[in-house]
Ligand code: ACO
């Protein structure tokens with residue numbers, strides 16, 4: 001190391017923790033995970049109870065504000081979220097400016113950032129640095145508005161990305177439908193006046209949204225907080241989180257799972273694939289988790305939900321390959337030793353993550369198993385996760401003592417001081 005590269009203001013021990021294996025950057029009251037026991041709780045409530053009894057929007061309220069809403073609070077929250085699902089018509093031009101084959105996650109990530117340009121009231125650098133202050137009614141109301149807008153518009157932006165890919169006209173968000181009902185309507189309606197989403201799929205999607213709403217400080221949530229810690233507007237922070245989620249080690253894993261299953265093709269090819277994974281030539285997408293060292297508790301909920309979905313969509317052709325892959329991996333010493341179990345992405349994709357819009361089968365062969373196109377899967381993860389990102393963002397903005405900008409340190413291992421050599425003298 002060179003001279004005095006250690007910052008003299010940094011006190012104490014500096015640890016290098018690659019991948020943040022053991023570094024806590026927040027105290028949080030939102031989500032509890034016990035990865036060894038396979039426990040997941042939102043604000044103390046077991047995920048299984050919420051999946052059975054609550055709804056995505058009620059759980060969103062719980063995650064963001066800390067307690068289950070009263071009837072009145074819920075009615076207000078739901079109506080604000082749904083009211084804000086309508087997008088300015090300018091956004092149509094924005095979506096149409098993408099190439100016909102743009103990945104929907106690229107569109108969604110850009111769309112969240114674009115959204116910020118409409119609401120300067122949310123930007124602390126324009127409105128004064130301490131825009132969101134605990135105990136200040138005005139600033140809390142401003143914060144709430146951004147929360148309603150982001151949750152409400154997430155389904156609309158996602159369905160615009162979908163419709164532009166399908167070459168369809170955009171539709172105005174309907175009134176009187178649930179959050180997932182409106183989402184299905186906006187995706188699927190080809191102009192029918194009396195379109196109603198299939199209630200089984202609407203409910204299944206709601207459960208899937210609920211179990212994806214938060215998962216504490218994963219890569220995307222950390223990115224939202226890191227970005228938000230500079231006091232940027234929440235739209236930009238959510239856009240950054242969305243970009244992080246897109247990667248195949250995180251939310252992009254669901255798309256990777258299905259591509260993997262298609263490439264394996266049938267159960268007899270599974271043993272060769274497993275051997276290739278063990279030789280590290282391939283990745284078994286949908287297996288392994290930084291925190292869970294046993295089965296992801298959400299996967300049980302997904303499997304149960306799937307039974308309902310299959311009644312509507314019929315069984316997936318690649319299900320047998322997936323089951324063979326699952327069974328082979330769970331028996332294999334390589335995976336047992338490393339405590340690698342299926343994560344939520346594996347089962348969501350295989351079993352139920354893509355409940356079919358009712359008429360999707362007739363539309364295009366790129367639909368998989370009568371459901372959504374492959375590259376739309378990460379979007380179906382990003383939309384509900386907006387809730388968790390916002391819950392953590394709000395908690396950070398209102399924390400005791402205010403926000404401290406996230407500025408990690410490094411362990412410098414580069415050259416010591418060197419003198420500049422003119423180009424003619426370099427050898
Ligand atoms: N297939 C094969 N081997 C694996 C897998 C896998 N899917 N996941 C981990 N391993 C192996 C690693 O090679 C490593 O082996 P080694 O000790 O011999 O080197 C060991 O298991 C430990 O794995 P790490 O990579 O150190 O675990 P980490 O916590 O850093 O990564 C991750 C977790 C990124 C999820 C990893 O398991 C993975 O890449 N899985 C596949 C992608 C995936 O499904 N991502 C979705 C995660 S869930 C979510 O975001 C919703």
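The values are calculated or read from the model by the stated rules, or taken from the named source; none is laboratory data. All values derive from a computational prediction rather than experimental measurement. We place every Cβ from the backbone using ideal geometry, glycine too, and count neighbours over all the protein chains shown.
For the reader, a short list of remarks on this structure follows.
- For segment 312-322, the condition holds for no residue, the condition being that it is modelled with pLDDT of 90 or more and not in a helix (DSSP H, G or I).
- Index of the failed condition, residue 184 passing every other in (1) within 27 Å of residue 90 (Cα to Cα); (2) modelled with pLDDT of 95 or more: (2)
- The condition (being modelled with pLDDT of 85 or more, surrounded by 15 or more Cβ atoms within 10 Å (Cβ to Cβ) and either farther than 15 Å from residue 343 by Cα or within 12 Å of the ligand (Cβ to nearest atom) (or both)) is satisfied by just one residue among 297, 267, 271: 267.
- Any hit, segment 219-227, residues being away from the ligand (no atom under 15 Å from the Cβ) and within 17 Å of residue 349 (Cβ to Cβ): no
- Residue identified as at pLDDT 95 or above and assigned to a loop (DSSP other than H, G, I, E, B) among 385, 409, 418: 418
- Test: residue in segment 200-213 that is within 16 Å of the ligand (Cβ to nearest atom) and assigned to a loop (DSSP other than H, G, I, E, B): yes
- Qualifying residue in segment 12-25 (condition: assigned to a loop (DSSP other than H, G, I, E, B), in contact with a helix residue (DSSP H, G or I) (Cβ under 9 Å, 6 or more places away or on another chain) and at pLDDT 95 or above): no
- Any hit, segment 165-176, residues being under 21 Å from the mean Cα position of the chain (by Cα), surrounded by fewer than 24 Cβ atoms within 10 Å (Cβ to Cβ) and either over 15 Å from residue 81 (Cα atoms) or within 16 Å of the ligand (Cβ to nearest atom) (or both): yes
- Summed over segment 238-268, residues that are farther than 14 Å from residue 382 by Cβ and without any contact (Cβ under 8 Å) to a residue 24 or more places away in the chain total 2.
- Positions within segment 110-156 being modelled with pLDDT of 95 or more and more than 20 Å from the chain's Cα centre (by Cα), in sequence order: 144, 145
- The residue that is nearest to the chain's Cα centre (by Cα), among those in segment 88-105 that are without any contact (Cβ under 8 Å) to a residue 40 or more places away in the chain and either assigned to a helix (DSSP H, G or I) or within 14 Å of residue 235 (Cα to Cα) (or both), is 94.
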